[in-house]
Amino acid sequence: MIKSWTKEFDAEAISHHYDLSNEFYQQFLCENMLYTCAYYRDPEGDLAQAQMDKMDLVCRKLRLSPGEEYLDIGCGWGSLAIWAAKNYGVKATGVTLSIEQAKWGQEWVRREGLGDRCQIYHKDYRDLPEGQTYRKISAIGIIEHIGIANYAFYFGWVHNRLREGGLFLNHGITHTKFWKWTSQWEFLRRYIFPNGEMDNLSHIMDIIEREHWEILDVENLRLHYARTCHQWYDNLERNAGRIKEIVGERTYRIYRLWLVNSAECFYSGSLGLYQVLLQKHKIVREHHLPSTREDIYAPFFFGGD
């Protein structure tokens, strides 16, 4: 377990990966520029549609409503924050440690004409103004970069930034409870994510409860991530020529091996992907959140069935 995470270390690690080249990521992601697990309503479905469905799934689970202050920690290229502002009317803030992602997101906000209700910042979430609170917060694919030793601080920080009764959706990769270090993880740490560290779900949930959260919902999307990695790999191979021109043969081969390995790990179950919906508990006689999942799934999404 690494215990030396600092803001400087995190910034360097994120820059190592995400500032590689926006054009490179365009070649194997879809037009939604999402670098996290998609959600396939159709098990054989299209990546772009599945990523839009994932954004709607997150927004629905958070029960986003017009005018709410919403924070997306580690917002990437701004996709989810922009989607939430555009389709749910929230006042969205996204923060990323990647300079290139922030520039992309800021330009995207400008093109969409959403400057009055969506802001993308190149900023560490820990440097957001003291006293700023939100009704809803998400962190999609961030816990893998936090460091296990820092989980209590992370979940405590989010808890303190939510208003009473507010919701937090944490979406992240896990490994099995009896995981052991292998050469695969040495490869991942050395060539892909210098600050990557994963934990088992039961330990994460224990820390969540210790930080005074109420756990509302847990969903395993492991097979969705297997297909996502598979489709990223297909895009990588389809655009291999251009990718090699952008980042070179070595980086192309590193990502090729990583995506193949990741897909297999998710298919086999050695890796998992969980969305955990949490609430900053508020003792009230009347509960305003639905008591079932039905509002999330039916009717499903904009222009849905």
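Rule-based calculations on the coordinates, nothing more; no lab input. For clarity, every value in this text was computed on a predicted model and none was experimentally measured. Heads up, the Cβs are rebuilt from the backbone with ideal geometry, glycines too, and the neighbour counts pull from every protein chain shown.
Here are a few things to note about the model shown:
- Computed label-point distance, nm, for sites L257 and N87 using a 7 Å Cα→Cβ extension: 3.7
- Summing charges over all other residues whose Cβ lies under 15 Å from the Cβ of I243, with Lys and Arg as +1 and Asp and Glu as -1, gives +1.
- Estimated translational diffusion coefficient (Stokes-Einstein, Kirkwood radius over Cα pairs, 25 °C, 0.890 mPa s) of region 125-275: 143 µm² per second.
- Karplus-derived 3J(HN,Hα) values for region 196-203, using 6.51 cos²θ - 1.76 cosθ + 1.60 with θ = phi - 60°, are x, 7, 10, 9, 8, 4, 4, 5 Hz; glycine and proline are entered as x.
- Pair-distance profile P(r), taking every C-alpha pair of region 215-289, with 10 angstrom steps and integer %: 18, 31, 21, 15, 10, 5, 0
- GNM remark for the chain: springs join alpha carbons under 10 Å apart, and the peak mean-square fluctuation among D206, D56, D234 falls on D206.
- Amide H contacts of K91: G67, E68, E69, Y70, each under 5 Å away and 5 or more positions distant or on a separate chain (H built 1.01 Å from N in the peptide plane; Pro and chain starts excluded).
- CD proxy at 222 nm, helix term only [per DSSP H run n ≥ 4: -39500 (n - 2.57); per residue of the chain; nearest 500]: -13500 deg cm²/dmol
- Neighbour counts of C-beta atoms inside 10 Å place F153, F168 in the sequence F153, F168, starting with the fewest.
- Region 150-237: radius of gyration over Cα atoms, expressed as a fraction of 2.2 N^0.38 Å: 1.32
- Choice from S262, S291, S65 showing the highest fluctuation, given a GNM over the chain with Cα pairs closer than 10 Å: S291
- Debye intensity ratio I(q)/I(0), log10, the chain, q values 0.07, 0.09, 0.14, 0.16 Å⁻¹ (C-alpha model): -0.25, -0.42, -1.12, -1.55
- Eligible aspartates and glutamates near K280 by straight Cα distance, threshold 13 Å, same-chain separation 8 or greater: E164, E209, E211, E214
- Neighbours of G45, meaning other residues whose beta-carbon lies under 10 angstrom from its beta-carbon, give a summed charge of -2 when Lys and Arg score +1 and Asp and Glu score -1.
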